[in-house]
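The values are calculated or read from the model by the stated rules, or taken from the named source; none is laboratory data. All values reported here derive from a predicted model rather than from experimental measurement. A quick note on method: Cβ atoms are made from the backbone with ideal geometry, for glycine too, and the neighbour counts reach across all protein chains shown. Calculation scope for accessible area: heavy atoms of the full protein, side chains included, ligands and nucleic acids excluded. Shrake-Rupley method; radii C 1.70, N 1.55, O 1.52, S 1.80 Å.
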Amino acid sequence: MFQNFINYLKLFKNIPQGDIEIIEREVNYRKVADGEVLFNEGEICKEMFFICKGVLRIVKLNEKGNKMTHFFLKENQFCSILNSFNNNVAATEGIESACDTEFIVLKKQKLLSLYEKLPYLKELINGITTQALLEKIQIRNAYFNEDAATRYKNFLLRQPDIALRVSLSDIASYLGITQQSLSRIRRDIR
């Protein structure tokens, strides 16, 4: 799985073999089951994940105390609560697995150490995460001001690979509709 991470980074910058060995010593691999909580809302985020296989979801508790999905992240994407991670403040969201998932763990202190040893890595990872954040906003904005059926259809068009791997309850919370409404929409469009 480490090679997936390096191969992804090498899409953007050539990384010498010696640097790859330094990076490999500073990261960990983790495999989690569907529904496992990786990080809780209200804590300070001290890890960043690079997803090798599976889907993670960003969650937030609503006013009724129910977890709502804010976003899904999949293979070859970084996942963290960036404001908390970068600024050492309590996070307003949490992170859970939306299906069985395998990922590389970048602990903040080890990542900062890597940035000192390999300064180009900071610019590389920050550039990737910034672009991903912009894409996330663009995807979320595509669902605003649409009725529930249109939001679901757009979700299927924009994120079909995620639709096939996560639960209907996660999809419903992501789209801001009830699971019953989603079931009705799915029945009506078939």
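For region 142-150, indicate whether the set of residues that are small (Gly, Ala, Ser), in contact with a strand residue (DSSP E or B) (Cβ under 7 Å, 6 or more places away or on another chain) and open to solvent by less than 30 Å² (accessible area, probe 1.4 Å) is non-empty.
There is no residue in region 142-150 that is small (Gly, Ala, Ser), in contact with a strand residue (DSSP E or B) (Cβ under 7 Å, 6 or more places away or on another chain) and open to solvent by less than 30 Å² (accessible area, probe 1.4 Å).
Only one of these is touching a residue at least 12 places away in the same chain (Cβ under 8 Å) and in a helix (DSSP H, G or I): 157, 121. Name it.
Just a single option satisfies the conditions, and that option is 121.
Being touching a residue at least 24 places away in the same chain (Cβ under 8 Å) and either hydrophobic (A, V, I, L, M, F, W, C) or surrounded by 12 or more Cβ atoms within 10 Å (Cβ to Cβ) (or both) is true for just one of 137, 128. Which residue is that?
On the way: 137 fails: touching a residue at least 24 places away in the same chain (Cβ under 8 Å).
When all the criteria are applied, what remains is 128.
Out of region 37-75, which residues are open to solvent by less than 20 Å² (accessible area, probe 1.4 Å) and not in a strand (DSSP E or B)?
45, 54, 55, listed by residue number.
State all residues of region 123-161 that are within 23 Å of residue 8 (Cβ to Cβ) and in contact with an Asp or Glu (Cβ under 9 Å, 6 or more places away or on another chain); if no residue qualifies, say none.
161
Identify all residues within region 81-125 that are among the hydroxyl-bearing types (Ser, Thr, Tyr) and open to solvent by 20 Å² or more (accessible area, probe 1.4 Å); write none if there are none. Let's see the steps before the verdict.
If we filter region 81-125 for residues that are among the hydroxyl-bearing types (Ser, Thr, Tyr), which is where we start, we get 84, 92, 97, 101, 113, 115, 120.
The answer is 92, 113, 115, 120.
Is it true that residue 77 is of a type in the set (S, T, N, Q) and in contact (Cβ under 8 Å) with a residue 60 or more places away in the chain?
So residue 77 does not fit the description; no.
Among the numbered conditions (1) modelled with pLDDT of 95 or more; (2) of a type outside the set (Gly, Ala, Ser); (3) in contact with a Cys (Cβ under 6 Å, 6 or more places away or on another chain); (4) closer than 20 Å to residue 131 by Cα, tell me where residue 81 comes up short.
Every listed condition holds for residue 81 apart from (1).
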